[in-house]
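The values are calculated or read from the model by the stated rules, or taken from the named source; none is laboratory data. On a predicted model such as this, the values are computed, not experimentally measured, just so you know. What goes into the accessible areas is simple: the full protein's heavy atoms, side chains included, and nothing from ligands, DNA or RNA. Shrake-Rupley method; radii C 1.70, N 1.55, O 1.52, S 1.80 Å.
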Amino acid sequence: MHYINLIIICWSFLQYCNGAFSEPGLRGQSTGIGSGNLTGTAVYRLSALGVLVAVGGASPTMSFSPDGLQWFRMTMPLLHTIESQWNRTIAKGDLVAYPALVSEDGKDLNTDFYLYYTYLKPRDSFQHRYLARKRLHLNISASSNGADLSTAPVLGGIAVWYSEAASDTWATAGMVEPSSGFSVKNWSVAYLSTVKIVHYNALVYECYNNSTRDHFLTLQMDNCTGKSQMLRTAGWSWLALPVTTQIYGMVPRKTVICYNAQKQDHSISIGMNCQEQDGYEDVEALGFVLAASPSPYHTQPYHTSV
């Protein structure tokens, strides 16, 4: 039997008070940091810019600081969530909690890192909890600082999965269980905004038809009633934009929801008609999404991004 002698040394610490870390950690006085812009108490170093970054909130949001005292809160969350209910007896939506940022190598954060969080699926109880993660990419320049990053846009990726057993194509912004029978076809077929930016943004709903075992996206919440139920909102698309307009350096692509009556399966098509997919027809215009190139879901290259 082996024994390990563990010695823990606790150094004294100081609390922040009125502009400086000057008060004893025990029994000292303190004042708040960040003027309400500090989003969480999990703080990391972003080595790409030499600033600090914090994350927190039910819709995980980052804030940045050059010195740990002055903080700039991002205007857009990392994940689009409209419900984060802890009372799971009445909850209809996802639950996202305890967000944390983890670098790819376990060191300081760079331009690519992961958002880890506790996740509960719609209508699931606390008996079914998941540790989920999303890959994040910061598109920053050498001149960026905490204030610049706070106003940066956040785009959420739509992944496409497929189940052979259910003949079901699933375009989703949420997590898919490994045991669900779905395999990924494309990690990021399109990108949506995580918040409403302009009046011509449209909220995209993600629904499931219990009768036909069919997942689908729609702009009409009424389509999620009856035999169908709303799983979550996926994000915001753009309406009535010319394809020559660039948004955040990407060209918006007209997006159509497709339907195959024989398979009873909805699909998604980016920048082209549904007829490009065998047996599918156009059933609903989803507006414009951001995508690298026009494509039906199954020909996009594999890559991960938020």
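Annotations for the structure displayed:
- One Cα centroid belongs to segment 247-278, the other to segment 28-70; the line between them spans 40 Å.
- Along principal axes, Cα extents of segment 31-83, largest first, whole Å: 33, 30, 17
- Mean projection area, nm², convex hull over Cα of segment 170-227: 5.0
- Heavy-atom accessible area order for 71, 86, largest first, 1.4 Å probe: 86, 71
- Maximal additional length on extending the residue 240-residue 211 stretch stands at 7.1 nm, based on 0.36 nm per residue less the C-alpha distance.
- Taking the protein heavy atoms of segment 15-119 in the context of the full set of protein chains, the accessible area attributed to carbon and sulfur is 50 percent at 1.4 Å.
- Sequence of 187, 238, 161 when ordered by accessible area, the most exposed leading, probe 1.4 angstrom: 187, 161, 238
- Accessible surface calculations at 1.4 Å, restricted to protein heavy atoms, place segment 148-199 at 38 Å² per residue.
- Mean projection of the Cα convex hull over all viewing directions, computed for segment 36-141: 7.1 nm².
- The order of 213, 232, 135 by accessible area, most exposed first and with a 1.4 Å probe, is 213, 135, 232.
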